[in-house]
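First the structure, which I've put down as structure tokens, then a few questions once you've had a look.
The values are calculated or read from the model by the stated rules, or taken from the named source; none is laboratory data. Because the structure is predicted, anything quoted here is derived from the model rather than measured. A quick note on method: Cβ atoms are made from the backbone with ideal geometry, for glycine too, and the neighbour counts reach across all protein chains shown.
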Amino acid sequence: MDEIQNYSYFEHGADIGITGKGKTLEKSFEAAAVAMFAIITDISKVNPVKRIKFNFTEPDIEFAFISWLNNLLNESHLSNMVFSRFHVERDKDIWMCEAFGESWHSGLERGTEVKGATLTKLSVINENGIWAASCVVDV
Amino acid sequence: MNLENFIQIEPNCWAVRLKEEGGGLGGGKEGANLPVRFYADKELLAAMDEKVKEQIINVSQLPGLKGYAFAMPDAHWGYGFPIGGVAAYDPEEGGIISAGGVGFDISCGIRCLKTDLTVEDIFPYAKELSDLLFRNIPAGVGAEGNITLNEAELDEIMLNGAHYATSKGYGTKEDILYIEDSGKVSGADPSMVSISAKRRQKSEMGTLGSGNHYLEVQAVKQIFDENIAGVFGLKEKQIVISIHCGSRGLGHQVGTDYLITLAKAAAKYGINLPDRELACAPIKSVEGGMYLGAMNAAINVALCNRQMLTQLTRDAFEKIFPKAAIKTLFDVSHNTCKAEKHTVNGKELLLYVHRKGATRAFGPFHPSLPDLFKETGQPVIIGGSMGTGSYVLAGTKESEERSFSSASHGAGRAMSRNQALKLWKGREVIDELKEKGIIIRSRSMRGVAEEAPDAYKNVDAVAEATEKARLAKRVCYLSPVICIKG
């Protein structure tokens, strides 16, 4: 599945609901990250020339989803970068994560800042072999 | 919202009656009223999303609630708490503190400045002023400030709030008098703030942020109460400035760090969460104490940030109006949990009052108010949305028993951001507002479209309902002249 085509948004009164889908749990996380950064900028314009890596430990897959998104936001702020490509691997409770992007510059669209991924409408489910990871992000 | 379960107990106050047979939410009997109150007129209430009712009922079920959980007239669907939700919990009865009840944008609020300039003074220079403000105030996603901090300086900000800013030349001691909690809250514990949160803030002090944040130059257009307006120092055609922003990256990261911590703590303490976003822990627990220390540190960061932005605003104005006097009217916070004394059933209690998208609204003679506001109550600011204007109100004596001294904070969204993006383009919104004489400056056309004036409720109706519910009294209406949009 092409991750670019596998994210979507759902309605929320004040903020924005995001969903990422994939054939694996990890791919659904990656697709949701694309959805989140597409709120922040036009990700088609972001060159994935720099890589950020981080790991975290979380046994609960729903909390892991939130941690993944919030770690990305944190890394994005710390490096003043915006990301367009993502990679997740899982070894039991350990999540090994990579994000690719570039530093903010005047050629990138300034979209809307995402303050954090919330537990509202949080779900990570597998239906008919397709994983779907969803939550509302606070903007 | 379907009003079938609502009982109108006053013209602008509504209860919700339990319908489920044999109990249900709250374990009450059919026909019993739930411990919730909605303050709104019928139109505002009907326009609220069903989720507001669901969320405020969830809030009312958390341990240690005192009195009622309240929805303000601008309430809309949030995460965990509704935006415009108020609830107070008693630590002596197992009361909780909820990260979801405060939100990510801790102490997001409005600093309102009054000037000695008039509309006539500003109009010839409006374009030049908007350029200067746009240059001086870092705004929008990815924008970094010009103020960089080391670890010790950040720790000092977390402890001393706006006082740090004035000690470094950002504003005056007079500003401090007119900030809630005199510019800093007690109970901040920088050691409870993660290294990530601190690192995020190093280049975000003195920045406006994004989303619904703004800096707006406004004109006093209509006075509702001449006496109080006189005390506040406001008159028709006067220019005021409103700065809407919060604790930036540090606050966002504190919210993030504690969300899962408190969700797990709730399970540990046997608290049944109807919505996991209500992540909470008993106030007297270790986790509750940790969050309180970190959240108070974030509140102080927000107070300092708005103080720094105040000075950056003055610097921009002074380039065109070197003799202009720009003074702080008041600084209010929206997303907080504060320890406050309130009288419940004749007994004074120390309660932890969550205000999520709601403004504190202390009435006349409250002991914490500066002398200037002793007889009027504190200024309450209801922010609008670019084209729609804002209101200054004054806290009432009655709001103490009606809402733990709380009132509306803004117009409140009427539709989702996705819906707004389908209806408007940023450039079109800017051009339409220009036709009305309002200058919008923003780096984000998407942000402008999401924040289009008609994406919000009618701010006039919200302010009127707030007054009719006796939460705060209208003092004056402000119309926008220049808006720097985050």
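Just to be sure, is B:Leu34 touching a residue at least 60 places away in the same chain (Cβ under 8 Å), closer than 17 Å to B:Gln8 by Cα and more than 17 Å from the chain's Cα centre (by Cα)? Give the derivation first.
Working: touching a residue at least 60 places away in the same chain (Cβ under 8 Å): no; closer than 17 Å to B:Gln8 by Cα: yes; more than 17 Å from the chain's Cα centre (by Cα): yes.
Taking the combined requirement at face value, the residue does not satisfy it.
Output the number of the condition that B:Arg417 fails; it satisfies all remaining conditions of (1) at pLDDT 90 or above; (2) basic (Lys, Arg); (3) in contact with a strand residue (DSSP E or B) (Cβ under 7 Å, 6 or more places away or on another chain).
(1)
Considering only region B:266-308, how many residues are within 21 Å of the chain's Cα centre (by Cα) and of a type in the set (Gly, Ala, Ser)? Can you show your working first?
Within region B:266-308, the subset within 21 Å of the chain's Cα centre (by Cα) is B:277-280, B:291-308.
Next, only the ones that are of a type in the set (Gly, Ala, Ser) stay: B:279, B:293-294, B:297-298, B:302.
Selection size over region B:266-308: 6.
Considering only residues of region B:315-336 that are surrounded by fewer than 21 Cβ atoms within 10 Å (Cβ to Cβ) and of a type in the set (D, E, K, R), which is nearest to B:Thr359 (Cα to Cα)?
Taking the candidates together, the pick is B:Lys327.
Every residue, every condition in (1) in contact with a strand residue (DSSP E or B) (Cβ under 9 Å, 6 or more places away or on another chain); (2) in a helix (DSSP H, G or I); (3) on the phi > 0 side of the Ramachandran plot, yes or no:
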residue	(1), (2), (3)
B:Ala267	no, yes, no
B:Ile271	yes, no, no
B:Ala281	yes, no, no
B:Gly288	yes, yes, no
B:Leu292	yes, yes, no
B:Ile299	yes, yes, no
B:Leu303	yes, yes, no
B:Arg306	yes, yes, no
B:Arg314	yes, yes, no
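Within region B:130-160, count every residue that is surrounded by 19 or more Cβ atoms within 10 Å (Cβ to Cβ) and closer than 23 Å to B:Gly211 by Cβ.
Here the count works out to 14.
Same structure, new question: What residue, of B:Asp131, B:Asp155, B:Asp189, B:Asp181, is charged (D, E, K, R) and over 26 Å from B:Gln253 (Cβ atoms)? Explain how you work it out, then say what you get.
Numbers: B:Asp155 fails: over 26 Å from B:Gln253 (Cβ atoms); B:Asp189 fails: over 26 Å from B:Gln253 (Cβ atoms); B:Asp181 fails: over 26 Å from B:Gln253 (Cβ atoms).
Exactly one residue qualifies, and that residue is B:Asp131.
Another one. So which of A:Thr57, A:Thr41, A:Thr118 is of a type in the set (Ser, Thr, Tyr), within 30 Å of B:Ala266 (Cβ to Cβ) and in contact (Cβ under 8 Å) with a residue 60 or more places away in the chain? Steps first, please.
Values: A:Thr57 fails: in contact (Cβ under 8 Å) with a residue 60 or more places away in the chain; A:Thr41 fails: within 30 Å of B:Ala266 (Cβ to Cβ).
None of the other options fit; the residue is A:Thr118.
Which count do you get for residues in region B:89-138 that are within 30 Å of B:Pro35 (Cβ to Cβ) and within 14 Å of chain A (Cβ to nearest Cβ)? Reasoning before the result, please.
From region B:89-138, those within 30 Å of B:Pro35 (Cβ to Cβ) are B:89-110; that's our starting set.
Next cut, within 14 Å of chain A (Cβ to nearest Cβ) only: B:98-108.
Qualifying residue count, region B:89-138: 11.
Now for a separate question. Can you tell me which residues in region B:189-221 are crowded, with 24+ Cβ neighbours inside 10 Å, at pLDDT 95 or above and among the acidic types (Asp, Glu)?
B:Glu216, the sole residue that qualifies.
Residue under question is B:Gly80, and the condition is that it be touching a Cys at 6+ places or on another chain (Cβ under 7 Å), within 14 Å of another protein chain (Cβ to nearest Cβ) and within 21 Å of B:Gly211 (Cα to Cα); does it hold?
Here the answer is no, as B:Gly80 does not meet what is asked.
How many residues are part of a helix (DSSP H, G or I), free of Cβ contacts under 8 Å to residues at least 60 places away in the same chain and more than 23 Å from B:Leu372 (Cβ to Cβ) when one looks only at region B:170-207?
4
Residue by residue, here is whether (1) more than 7 Å from chain B (Cβ to nearest Cβ); (2) buried (at least 21 other Cβ atoms within 10 Å of the Cβ); (3) more than 13 Å from the chain's Cα centre (by Cα) holds:
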site	(1), (2), (3)
A:Phe100	yes, no, no
A:His105	yes, no, yes
A:Val114	yes, yes, no
A:Thr118	no, yes, no
A:Leu122	no, no, yes
A:Ala133	yes, yes, no
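State all residues of region A:77-99 that are in contact with a Gly (Cβ under 8 Å, 6 or more places away or on another chain) and touching a residue at least 12 places away in the same chain (Cβ under 8 Å); if no residue qualifies, say none. Outline the logic, then answer.
Quick first cut of region A:77-99, residues in contact with a Gly (Cβ under 8 Å, 6 or more places away or on another chain) only: A:77, A:80-85.
If the condition is that a residue be in contact with a Gly (Cβ under 8 Å, 6 or more places away or on another chain) and touching a residue at least 12 places away in the same chain (Cβ under 8 Å), then A:Asn80, A:Met81, A:Val82, A:Phe83, A:Ser84, A:Arg85 are the ones that fit.
Among what's in region B:283-314 and is of a type in the set (Val, Ile, Thr) and over 25 Å from B:Gly101 (Cα atoms), pick the residue that is surrounded by the fewest Cβ atoms within 10 Å (Cβ to Cβ).
First, the residues of region B:283-314 that are of a type in the set (Val, Ile, Thr): B:283, B:286, B:299, B:301, B:310, B:313.
Right, trim to over 25 Å from B:Gly101 (Cα atoms) and you get B:310, B:313.
Numbers: B:Thr310: 26, B:Thr313: 23.
Ranking the candidates gives B:Thr313 first.
Related question: Please give the helices (runs of 4 or more DSSP H) falling wholly within region B:367-486 in which 1 or more residues are of a type outside the set (D, E, K, R), within 14 Å of chain A (Cβ to nearest Cβ) and buried (at least 24 other Cβ atoms within 10 Å of the Cβ). Don't jump to the end; show me each part of the working.
Details: elements: B:399-403, B:417-423, B:426-435, B:445-450, B:459-468.
Those helices (runs of 4 or more DSSP H) span B:445-450.
While we're on this one: Could you list, in sequence order, the residues of region B:213-254 that are in a helix (DSSP H, G or I) and within 14 Å of chain A (Cβ to nearest Cβ)? Steps first, please.
We begin by selecting, within region B:213-254, every residue in a helix (DSSP H, G or I); these are B:226-232, B:248-254.
Hits for region B:213-254 are B:Arg248, B:Gly249, B:Leu250, B:Gly251, B:His252, B:Gln253, B:Val254.
Condition (residue is among the aliphatic types (A, V, I, L, M) and more than 14 Å from the chain's Cα centre (by Cα)) applied to region A:37-57: is it met by at least one residue?
Start the filter on region A:37-57 by keeping residues that are among the aliphatic types (A, V, I, L, M), which leaves A:38-40, A:43, A:46, A:49, A:52.
Now restrict to residues that are more than 14 Å from the chain's Cα centre (by Cα): A:46, A:49.
The answer is yes, given that some residue of region A:37-57 is among the aliphatic types (A, V, I, L, M) and more than 14 Å from the chain's Cα centre (by Cα).
Taking the criterion of being more than 23 Å from B:Arg443 (Cα to Cα), surrounded by 20 or more Cβ atoms within 10 Å (Cβ to Cβ) and within 12 Å of chain B (Cβ to nearest Cβ), would at least one residue in region A:30-47 satisfy it?
No.
Rundown of residues vs (1) surrounded by fewer than 19 Cβ atoms within 10 Å (Cβ to Cβ); (2) in a helix (DSSP H, G or I); (3) modelled with pLDDT of 95 or more, yes/no style:
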position	(1), (2), (3)
B:Lys53	no, yes, yes
B:Ile57	no, yes, yes
B:Met72	no, no, yes
B:Gly80	no, no, no
B:Gly100	no, no, no
B:Gly103	no, no, no
B:Ile106	no, no, yes
B:Tyr125	yes, yes, yes
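While we're on this one: For A:Phe83, are the conditions met, namely being within 14 Å of chain B (Cβ to nearest Cβ) and either among the aromatic types (Phe, Trp, Tyr) or under 16 Å from A:Ile40 (Cβ atoms) (or both)? Explain how you work it out, then say what you get.
Numbers: within 14 Å of chain B (Cβ to nearest Cβ): yes; either among the aromatic types (Phe, Trp, Tyr) or under 16 Å from A:Ile40 (Cβ atoms) (or both): yes.
For A:Phe83, the condition - within 14 Å of chain B (Cβ to nearest Cβ) and either among the aromatic types (Phe, Trp, Tyr) or under 16 Å from A:Ile40 (Cβ atoms) (or both) - is met.
So which pairs qualify, if the first residue must be in region B:149-169 and under 14 Å from B:Val301 (Cβ atoms), the second must be of a type in the set (Lys, Arg) and assigned to a helix (DSSP H, G or I), the Cβ gap must be under 8 Å, and the two must be at least 6 apart or on different chains?
Short answer, once both residue conditions are applied: B:Glu151/B:Lys198; B:Leu154/B:Lys198; B:Ala162/B:Arg306.
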